[in-house]
Amino acid sequence: MIELEQKLSQKELMLLVGEGLEKDPALERVLLERDYSMIAVSNLEDASIVIKRKPPFITFVKLSLVTDQKKLALLKGPEDFFFGRVVFIVDLFSDEAYLLAREIKSSIFIFPPFDGEKLRLLLSTLHPENKNPPPVPRKSTLKKNTGDIIPITQWTQDLSAQKKFLEENIPLKAEKDVQAFLLENHRLLHACTALTRVLEADRSTLDFFCVSSPEALQVVFQDSFSSKNAHFFATQCEALFEEKSFFQKKILLNLTGRSTESQILVRWSIPFDSTDYSTVHVVALDISTICQNLRELELQKGKFEKIFQSSPAGIVISDPSLKTLEVNNAFVKMFGFASKDEVMGQFLGDLVIPPKYHAQFLSICRMALDGKRVFIETQRRRKDGRIIDVFLNSSPLEMPGGIAAICFLYIDISERKREEMLLKRKLKIEQMVSEISADILNYPSLESALRGALPKMASYIAADRVSHVIVRKGVMRYSSEWCRHNVPSLKALYEGEREALPLQKDPWFCANLETGDTFNIEFDEKAGLAEEAMAIQNFMSRHKIGSFLVIPYRFRGEVDGFIVFEKIKSSFNWTNEEIGLFNLFSEMLSSLKDRDAAYEMLRQDREKYRLLFWQISEPFMVFDIIYDEFGTPSDVRFVELNEQAKRFLKKHGYDEVLGRSFLEIFPGAESVFKEKLNDVIAKEEPQTLSFYNDLFNCSMTISYFVPHKEQLVLLVSHTMKES
């Protein structure tokens with residue numbers, strides 16, 4: 001209270017009416033420069049109390065507070081209020097508030113934000129000790145983007161002479177389109193414009209236009225008549241002829257001190273309940289900077305629009321309720337829509353979000369509305385229902401009042417994901433071929449190995465059912481099967497038709513099988529298979545098989561069996577490269593089948609060999625050859641003896657020789673080994689030698705041969721004891 005009394009006791013008082021005005025930095029700087037006392041109130045009721053106690057020399061009022069005549073009466077106050085000036089800050093423009101504020105004599109209207117230089121000029125003009133300051137021209141050196149406070153200039157104009165002129169000179173046939181008639185008759189329009197007469201203008205208006213009198217201001221508008229402004233004057237004349245009470249349009253004027261033409265927004269109206277155009281109230285606003293800013297904004301908008309529309313990423317902007325506000329062409333194309341019209345105004349969750357991702361989508365939106373950006377790889381649904389993999393960048397679009405929209409940027413990564421999936425699948429197939437091959441090598445036969453390997457093969461290539469079928473003399477026979485959980489077995493079906501499996505009834509299937517190459521069958525209910533493949537198509541349809549991968553293997557050029565991998569209700573979609581890997585697997589199975597056959601032949605040959613071996617009447621010995629570090633034969637080891645050889649050695653005192661080396665048992669026979677045996681091993685040629693053996697004290701005939709590099713065979717065919 002004491003502080004208020006001190007301020008009221010000072011000579012120069014500035015009153016601020018409206019929330020937050022006292023915090024404006026420009027006002028604060030000007031007050032510090034001048035010894036003003038300032039009182040700030042939030043409403044007109046408090047302002048009225050201050051005015052009654054001490055009228056301020058200047059009052060700043062937010063125009064939005066002037067809502068009716070009662071509010072305006074609070075500003076009028078005592079009779080001496082005219083000593084001060086009222087500056088209305090146009091924080092919210094409305095016709096009603098503006099017309100009410102006009103009733104305050106000599107009121108001034110300014111637009112925020114404030115500028116220190118303009119405030120100083122305004123206060124200097126209105127200072128009580130300088131009631132008639134000299135005109136101050138509007139400086140052309142002001143920068144366009146300084147945030148000038150531009151006063152709304154105002155004056156009174158007599159348009160009655162123009163109206164009468166129009167009534168007398170517009171022909172009846174032109175009354176429906178006065179504007180077009182005047183634009184075609186420039187002399188008539190110019191004559192009408194010359195009748196303009198300015199009655200009264202305040203000092204700030206004259207200063208704004210850099211003139212010294214209302215007559216000079218009148219000349220400014222009369223001299224502005226040109227083809228560029230013809231539309232302005234024609235439109236104004238049409239409003240007069242049609243007796244409109246309101247008019248607003250832009251005009252281009254050459255103002256003193258300005259290097260370029262200024263765009264002035266002119267607005268006039270006649271008093272309420274009046275048809276008299278002799279005292280028209282005119283207001284004008286220099287909108288050059290605003291128009292320039294708008295042009296720049298339009299250019300920027302055009303650039304951003306071009307970037308937005310030409311972006312390869314699909315972009316959709318939604319409001320906070322998740323309804324689409326704007327989409328670019330890439331989004332329309334990416335999600336298969338015919339045009340933007342299908343998308344605009346729709347709830348985004350119903351357009352492209354798969355049901356299982358709804359909760360994730362809402363969570364992303366909540367984060368965006370909290371001001372957070374989200375980057376995530378997820379899936380979205382096209383219009384045709386197809387699911388695609390996308391990279392999503394979700395960002396909030398912030399405005400002064402908060403978050404106004406959410407921007408969703410989508411990049412289709414389906415191809416990259418597919419390539420990654422194919423690479424992983426290829427690596428799994430390679431791993432399967434490697435591991436299964438190693439496992440099968442440890443089995444005595446291919447059929448038993450495959451029976452144990454079916455589950456592992458199914459897990460590697462994500463099959464739902466795997467079957468192994470053997471082909472013997474052109475007849476297919478079921479061997480083994482593995483099924484995923486809840487996938488029915490076809491074992492009973494196969495075993496019920498042992499003589500001819502259902503697959504064997506299909507010539508088309510058999511023809512593909514006979515090629516010996518891997519083949520894949522993808523079943524499409526709409527497209528179907530070839531006409532000659534009706535049997536396999538019916539088989540797949542009946543058992544809900546979506547994809548059929550067949551890997552055959554051969555023996556001696558003929559198909560000996562095959563493995564069938566099945567996908568239920570879906571497809572494998574194998575690539576040619578993967579089919580190539582399966583062909584490699586097929587070759588490996590074929591080679592293992594050949595190995596089995598070779599082993600069987602070797603087993604049979606070995607049995608024959610062992611039978612012959614045991615039936616030989618002479619001593620027969622098999623040795624493993626021992627090599628030294630230089631690869632030279634250094635000894636041999638007993639590995640197998642027939643009964644005659646065992647009796648022969650035992651007879652001479654050499655028992656239990658199996659597993660022992662020759663020189664270990666006969667250490668004195670090193671020279672014999674080097675001379676006789678080493679020569680046979682080195683040459684790998686059969687030899688028969690007859691010589692006297694000091695070890696056994698007898699003459700003997702021995703045959704040597706090397707069946708392969710690792711073994712030596714010795715046959716004692718004749719022995720004779722010396723007398």
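Okay, here's what the table says:
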{"item": "Relative contact order for the chain, counting Cα pairs under 8 Å that sit 6 or more residues apart, in percent", "result": "5"}
{"item": "Hypothetical label at A73: residues of segment 14-43 whose amide nitrogen lies under 19 Å (7 Å Cα-Cβ projection)", "result": "43"}
{"item": "Net length gained if the chain between K491 and L195 were fully extended (0.36 nm per residue, minus Cα distance)", "result": "95.8 nm"}
{"item": "Of the trypsin sites (Lys or Arg not before Pro) in segment 161-247, those whose Cβ has at most 13 other Cβ within 10 Å and which sit in DSSP loop", "result": "K228, K244"}
{"item": "Hz values of 3J(HN,Hα) by residue in segment 625-632 - Karplus curve (6.51, -1.76, 1.60), Gly and Pro given as x", "result": "7, 9, 10, 7, 5, 9, x, 9"}
{"item": "Gyration tensor verdict on segment 616-721 (Cα atoms; rounded if a/c is under 1.5, prolate if a/b is larger than b/c, oblate otherwise)", "result": "rounded"}
{"item": "Computed E for F375/S321 - FRET, C-beta separation, R0 30 angstrom, nearest 0.05", "result": "0.80"}
{"item": "Residues of segment 551-573 with amide N under 14 Å of the 7 Å Cα→Cβ point at T515", "result": "551-552"}
{"item": "Residues of segment 409-435 with amide N under 20 Å of a point placed 7 Å along Cα→Cβ from D384", "result": "411-419"}
{"item": "Long-range lysine pairs (8 or more apart or interchain), segment 311-412, Cα under 21 Å", "result": "8"}
{"item": "Per-pair calculated FRET efficiency, R0 = 35 Å: A462 and A313 via Cβ, rounded to 0.05", "result": "0.65"}
{"item": "Candidate values [x] 29.7, 94; [y] 28.4, 91; [z] 53.7, 171, label of the one derived for Rg and Dmax of the Cα atoms in Å", "result": "[z]"}
{"item": "Gain upon complete extension [R418, R366; 0.36 nm per residue less C-alpha separation]", "result": "15.7 nm"}
{"item": "Gained length - K709 relative to Q222, 0.36 nm times residue gap less alpha-carbon distance", "result": "163.1 nm"}
{"item": "Percent RCO, i.e. relative contact order, over segment 616-721, from Cα pairs under 8 Å lying at least 6 residues apart", "result": "28"}
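Read-outs: derived from the displayed coordinates by stated rules, not from any lab. Quantities reported herein were computed from a predicted structural model and do not represent experimental measurements. Please note: Cβ atoms are built from the backbone with ideal geometry, for glycine as well, and neighbour counts cover all protein chains shown.
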